[in-house]
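Student: One structure, pasted below without further comment.
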Amino acid sequence: MNDSLVTVVGNVATNVEYRETPAGGVARFRFAVTARRWDRERAAWADGHTSFYTVNAWRQLGENLAASVTVGEPLVVHGRLRVREEPAGGQDGQRRTFVDIDAVAAGHDLTRGTAAFRRGGGKRAPEQVVTGRQDRAPARVPEPVAT
């Protein structure tokens, strides 16, 4: 196998769009990843360049992402890196390069918050598939443990 597998940590930048295809359901969204570096001069963390990826998630992973994720949430995405170029076009006549990730696994970044896991109940009827997580119950926040 010569696939380039990557793991990226960032934030959901667009709504998750879910649709059925002949090959199965697919969820698609844009993902923003910003490098953070320690600035010695200011003795503080500083944001670096932000890279944007298009994430595609197929079948059950796609359904679960569409039901669980909204814009701005921190995620960890693991998958196959795909770089594609589109021919010159548009107003400036420049070739465009896009970087996609075909997700194999994804989940909330728990260094930045809490989540409550619910096992999926099987295949949904197409009319029940949602964009975003409008149907999701709020996560329970655990009680602090006394020491």
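The values are calculated or read from the model by the stated rules, or taken from the named source; none is laboratory data. A quick note: this is a predicted structure, and the numbers were derived from the prediction, not measured. Cβ coordinates were reconstructed from backbone atoms using ideal geometry, including for glycine residues, and neighbour counts include every protein chain displayed.
Student: So which of ARG30, ARG42, ARG80, ARG37 ends up being charged (D, E, K, R) and in a loop (DSSP other than H, G, I, E, B)? Break it down stepwise before answering.
Tutor: Values: ARG30 fails: in a loop (DSSP other than H, G, I, E, B); ARG80 fails: in a loop (DSSP other than H, G, I, E, B); ARG37 fails: in a loop (DSSP other than H, G, I, E, B).
Criteria check complete, one pass: ARG42.
Student: Let me ask something else. Checking the conditions here, which among ASN15, ASN11, ASN2 is assigned to a loop (DSSP other than H, G, I, E, B) and at pLDDT 95 or above?
Tutor: One residue alone meets the criteria, ASN15.
Student: Can you name every residue in segment 45-72 that is more than 15 Å from ALA103 (Cβ to Cβ) and assigned to a loop (DSSP other than H, G, I, E, B)?
Tutor: Across segment 45-72, the qualifying residues are THR70, VAL71, GLY72.
Student: Where residues in segment 98-107 are under 12 Å from HIS78 (Cα atoms) and in contact (Cβ under 8 Å) with a residue 40 or more places away in the chain, which of them is nearest to the chain's Cα centre (by Cα)? Spell out the reasoning first.
Tutor: Let us first name the residues in segment 98-107 that are under 12 Å from HIS78 (Cα atoms), namely 100-107.
The next check asks that each one be in contact (Cβ under 8 Å) with a residue 40 or more places away in the chain; those that pass are 100-106.
Working: ASP100: 11, ILE101: 9, ASP102: 10, ALA103: 8, VAL104: 11, ALA105: 10, ALA106: 7 Å.
In this case the residue turns out to be ALA106.
Student: Here's a follow-up. Return the pairs, sorted by first residue and then second, in which the second residue is assigned to a strand (DSSP E or B) and charged (D, E, K, R), the first residue lies in segment 69-89 and is surrounded by 14 or more Cβ atoms within 10 Å (Cβ to Cβ), the beta carbons are less than 8 Å apart, and the residues are 6+ apart or on different chains.
Tutor: GLY79/ASP102; ARG80/ASP102; LEU81/ASP100; ARG82/ASP100; ARG82/ASP102
Student: Among the residues of segment 47-54, is any in contact (Cβ under 8 Å) with a residue 40 or more places away in the chain and of a type in the set (S, T, N, Q)?
Tutor: Yes; the residues of segment 47-54 include at least one that is in contact (Cβ under 8 Å) with a residue 40 or more places away in the chain and of a type in the set (S, T, N, Q).
Student: Please enumerate the residues belonging to segment 100-115 that are of a type in the set (A, V, I, L, M, F, W, C) and surrounded by 14 or more Cβ atoms within 10 Å (Cβ to Cβ). Spell out how you get there, then give the answer.
Tutor: First pass over segment 100-115, keeping only residues of a type in the set (A, V, I, L, M, F, W, C): 101, 103-106, 110, 115.
Correct list: ILE101, ALA103, VAL104, ALA106.
Student: Output yes when any residue across segment 48-58 is at pLDDT 95 or above, surrounded by fewer than 18 Cβ atoms within 10 Å (Cβ to Cβ) and more than 20 Å from ASP109 (Cβ to Cβ), and no when none is.
Tutor: yes
A quick yes/no check of all residues on (1) closer than 14 Å to PHE31 by Cβ; (2) touching a Phe, Trp or Tyr at 6+ places or on another chain (Cβ under 8 Å):
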{"site": "THR54", "(1), (2)": "yes, yes"}
{"site": "GLN60", "(1), (2)": "no, no"}
{"site": "THR70", "(1), (2)": "yes, no"}
{"site": "VAL76", "(1), (2)": "yes, no"}
{"site": "ARG82", "(1), (2)": "yes, no"}
{"site": "GLU85", "(1), (2)": "no, yes"}
{"site": "ASP92", "(1), (2)": "no, no"}
{"site": "ILE101", "(1), (2)": "yes, yes"}
{"site": "ASP109", "(1), (2)": "yes, no"}
